[in-house]
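The values are calculated or read from the model by the stated rules, or taken from the named source; none is laboratory data. Worth saying up front: this structure is predicted, and the values here are computed from it rather than measured. Here Cβ is always computed from backbone atoms with ideal geometry, including for glycine, and neighbour counts include all displayed protein chains.
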Amino acid sequence: MAAILKPMPNHPLDQKSGSSPALTVRGLSIFFGTHEVLKKVDIDIAARAVTAIIGPSGCGKSTFLRAINRMHELNPDARMEGEIRLFGDNIYSRDVEAVMVRRRVGMVFQKSNPFPTMSIAENVTVGLRLNGVRDRRILTERTEESLRMAALWDEVKDRLNDPAISLSGGQQQRLCIARALAVQPEVLLMDEPASALDPLATQKIEDLIIELKKDYTIVIVTHNMQQAARSSDATAFFYLGELVEYGPTTKIFTNPAQKRTEDYVTGRFG
Amino acid sequence: MTANNHRWRKAKNSFMQALTMVCAVLVILPLLLVFFHLVTQGATSINWAFFTQLPKPVGEVGGGVANAIVGTFTLIVLASLLGVPVGVLGGVFLSEYAYPRLNWWLRFTADVINGVPSITWGMVVYGLIVVPIAVPFHGIVKSVDPERHLVTVQNPAGNARSFTIGPQTRWNLDAGTGVESVPPGTAVIVAFHMDGSRQVAEQINAPSAWRLALLRLAALHDSVSGFSTLAGGLVLGLMMIPLIMRTTEEVLQLVPSGYREAALALGIAQWRMIAQIVVRTATKGIVTGVLLALARVAGETAPLLFTAFGNNYWTHKLTQPIDALPLKIYNYAISPYDDWHRQAWAGALVLILLVCTINVGVRILTRDRFSGRKP
Amino acid sequence: MDNHFDIGLDELRQKLLLMASRAESAVNESVQALMQRNHALALKVRADDDIIDAFELEIDEMAIQLLTKAPLASNLRLVTVAMKVCQNLERIGDEATKIAKRARDLADEPPVKIVLDLPRLASMALVMVKESLDAFVQRDSAAARAIIPRDKEVDALNREMHNALALHMMEHPETIGRCLHWIVAAKSLERIADHAKNIAEEVVYLCEAQDIRHHLKK
């Protein structure tokens, strides 16, 4: 059962402050074969806020993230029960294709993966081009817009046609963020986006996340608790496939309600 | 750890190092020998005429193997038309679509087939295609002449031929045996041989549907022998398919799954992701696999013996037999003529140079311009 | 096995307790010096204050170091509470030193003929200090909460003594100097009780994560 605690006024978790949740998850269970990886998760993810998902390895946090854009379906043994609604729309209903969900929910991965055969500009617009958008003007505009939003424009505006792999690790990750933003998703999922980066690049990504939350709903999986504490508004703690506690970030990291959360956050296990 | 011990171990090390080095060098030796031999024996015969002229008639000195060289290229092109699309798409299927049991069987089968001797391939195509359209003449019985033991058959093109029926003729019709029992209008296939100017029927069959279909296909041509360029291209193409399929699959598997996931996460449809992201990333590798398969089939001789067969003249139609370098080399080498032997050496040298060029080309293509990363 | 961070937290706790016992002794001895007119004891208390000051520096240093390791939840609260408690302890030490100074001065002069309930004030303050530190060690939030209202009683008693001394000063002007010393000593004891109350409030924060300072009691 979700332990959604009373939020402070004007906090993203305070539903009364006007915005309905971006994602409502009810009874989500995911099985890989017979192994139950997620057990009846109930959670409401606030819109235009950053929600961090923390927990030890193998607790199901990545699986939870991938369930939101139906990427867990890439595993042929995967089976899901329960419901996820994206701004009210059931993303698992029969007449909704996974492809449509993924255009509304973008994803950035742990290891940056810009397509090696394409230039920087081509990488940014690949989501648009391969979905049929041909208009040069739209593509150019969207390229600049997305690169600005990803705080990369100034660094690459003079070399948009250079191969994407000529960028540094941190730049590549921001390029992947720009690529995800170019299709204008409503929700952005990030799976440990800074774990492969040096501290300076990590800092830039965190600043970027705080900027982006003005327009996007962001869900970020991280094993770095200080990162969760620094950049998120709400935090959910998963353990062995269950949602143990969910609440405002400050509360989770100064005075969590559940002992298991306290133990994890103070480093007694995990 | 005495000093003696140390010296003994050092000696062992040096010995092993020397032994393994000798073995490695031994591998190069045959290649060098081959090259050396080919060059000394064949280089002298390589001249402009060798590349541009047709073979001279038996016994005459001179001439070239121009038609064989062109034939090799023609066969390679034909084989690629079959082998490359089927092989690449098959490799894409194996790599990108997960049907575990099916894929396991497909890979197993492909690997087994890769090990099948090429002569077997030749015989298969020979039996399935060359023979059915070759020897026989088919058509409708037009008339029967029992006294002169003749049966006249008219083929769909309108040509009528008379065949001598003898006691050795085997009949394979429902309507009994003997020339009298063949009513006009029956569809028949006649296997015959030439005896002087007479066409002597060896076997008369009622045509099966498969044979009839092949014959209709082959009705475009009038090759008596059934050997054809198409058959040669077909057999080489069939050999290329499992080869290209496996190399394509392996190259595609090397593409990190991160790219696939990233593309899917952008909402790109699976087939587009495969075509424009995965295959595009692996293009160099796929081309390498194709070129290596080409190099391999370019040198195949045995299957061509039964299918392309060889030709001393220019081949004008795809349904006619065609010559290829390996065939020419074979035919010349086992002949009793010195001049032909020389030309065989030269042909072998050209062939090996061709194969080497393809391999070197592959290496240049896959050469990495940026330090350290595999393409 | 405890990790290094937990060991560091433990060391912090131990040091705080050492400082606390020193502070307690300082108050005890200063009151003793006052009541028994013990000049030598008063000087000792003054000298020992340096040790308490040194503790404050050490504990603050340790706490900063632990903060660089980004502690969270209860660990975070422990470190911040430790810094506040050690500040309060240091002030308690200073107040004890003030009492000791007055004790020294009073010991050099003839005693004032007035019945003062200073011992009671002193013992109330001392008990509050002791109990707040016990609550810290035991993590006993209820015990800490119980201490807080008693500060009012101490304030009341201090006011009583203040008034009594003021009256005495008006009637016997020759005792003004000595009475002022007593007033100051009583004030110091009242401040010591305040600091004990502060420590109790920090203990409540540590245990319950509730900040009850400056509020009506919840």
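Odds and ends about this structure:
- Test: residue C:88 is under 17 Å from the mean Cα position of the chain (by Cα), buried (at least 17 other Cβ atoms within 10 Å of the Cβ), away from chain A (no Cβ under 14 Å) and within 27 Å of residue C:126 (Cβ to Cβ): yes
- Residues being touching a Pro at 6+ places or on another chain (Cβ under 9 Å) and not in a helix (DSSP H, G or I) - total across segment A:80-106: 4
- Exclusive hit being within 12 Å of chain B (Cβ to nearest Cβ) and of a type in the set (Lys, Arg), set A:148, A:136, A:79, A:70: A:70
- Taking the criterion of being more than 12 Å from chain B (Cβ to nearest Cβ), surrounded by fewer than 17 Cβ atoms within 10 Å (Cβ to Cβ) and at negative phi, the residues of segment A:82-98 that qualify are A:83, A:89, A:90, A:93, A:94, A:95, A:96.
- Among the residues of segment B:356-375, none qualifies, meaning not one is within 19 Å of residue B:229 (Cβ to Cβ), under 19 Å from the mean Cα position of the chain (by Cα) and touching a residue at least 12 places away in the same chain (Cβ under 8 Å).
- Some residue of segment B:308-317 being within 14 Å of another protein chain (Cβ to nearest Cβ), surrounded by fewer than 17 Cβ atoms within 10 Å (Cβ to Cβ) and not aliphatic (A, V, I, L, M): no
- Applying the condition of being within 14 Å of chain A (Cβ to nearest Cβ) and at pLDDT 90 or above to segment B:98-143 and asking which residue is surrounded by the fewest Cβ atoms within 10 Å (Cβ to Cβ) yields B:101.
- Filter result (under 13 Å from residue A:126 (Cβ atoms) and more than 7 Å from chain A (Cβ to nearest Cβ)) within segment B:261-274: B:263, B:273
- Looking across segment B:104-124 at every residue that is touching a Pro at 6+ places or on another chain (Cβ under 7 Å) and of a type in the set (A, V, I, L, M, F, W, C), the one that is nearest to residue B:300 (Cα to Cα) is identified as B:119.
- The listed residues are B:71, B:91, B:83, and the only one of them that is in contact with an Asp or Glu (Cβ under 6 Å, 6 or more places away or on another chain), part of a helix (DSSP H, G or I), closer than 19 Å to residue B:229 by Cα and not hydrophobic (A, V, I, L, M, F, W, C) turns out to be B:71.
- Pair list, Cβ under 7 Å, 6 or more apart: segment A:242-270 residue within 13 Å of residue A:54 (Cα to Cα) and within 8 Å of chain C (Cβ to nearest Cβ), other residue among the polar types (S, T, N, Q) and in a loop (DSSP other than H, G, I, E, B): A:267/C:3
- Exclusive hit being out of contact with any Cys (no Cβ under 9 Å at 6 or more places or on another chain) and farther than 15 Å from residue A:178 by Cα, set A:147, A:130, A:160: A:130
- The number of residues in segment A:226-240 being out of contact with any Ser or Thr (no Cβ under 8 Å at 6 or more places or on another chain) and surrounded by 21 or more Cβ atoms within 10 Å (Cβ to Cβ) comes to 3.
- Residue B:289 vs. criteria surrounded by 17 or more Cβ atoms within 10 Å (Cβ to Cβ), of a type outside the set (Ser, Thr, Tyr), closer than 26 Å to residue B:254 by Cβ and away from chain A (no Cβ under 12 Å): yes
- Residues of segment A:99-133 classified as facing chain B (nearest Cβ under 10 Å), among the hydrophobic types (A, V, I, L, M, F, W, C) and surrounded by fewer than 17 Cβ atoms within 10 Å (Cβ to Cβ), total: 2
Conditions (1) among the aromatic types (Phe, Trp, Tyr); (2) free of Cβ contacts under 8 Å to residues at least 40 places away in the same chain; (3) within 30 Å of residue B:345 (Cβ to Cβ), marked per residue:
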{"residue": "B:12", "(1), (2), (3)": "no, yes, no"}
{"residue": "B:15", "(1), (2), (3)": "yes, yes, no"}
{"residue": "B:19", "(1), (2), (3)": "no, yes, no"}
{"residue": "B:32", "(1), (2), (3)": "no, yes, yes"}
{"residue": "B:36", "(1), (2), (3)": "yes, yes, yes"}
{"residue": "B:41", "(1), (2), (3)": "no, no, yes"}
{"residue": "B:51", "(1), (2), (3)": "yes, yes, yes"}
{"residue": "B:55", "(1), (2), (3)": "no, no, yes"}
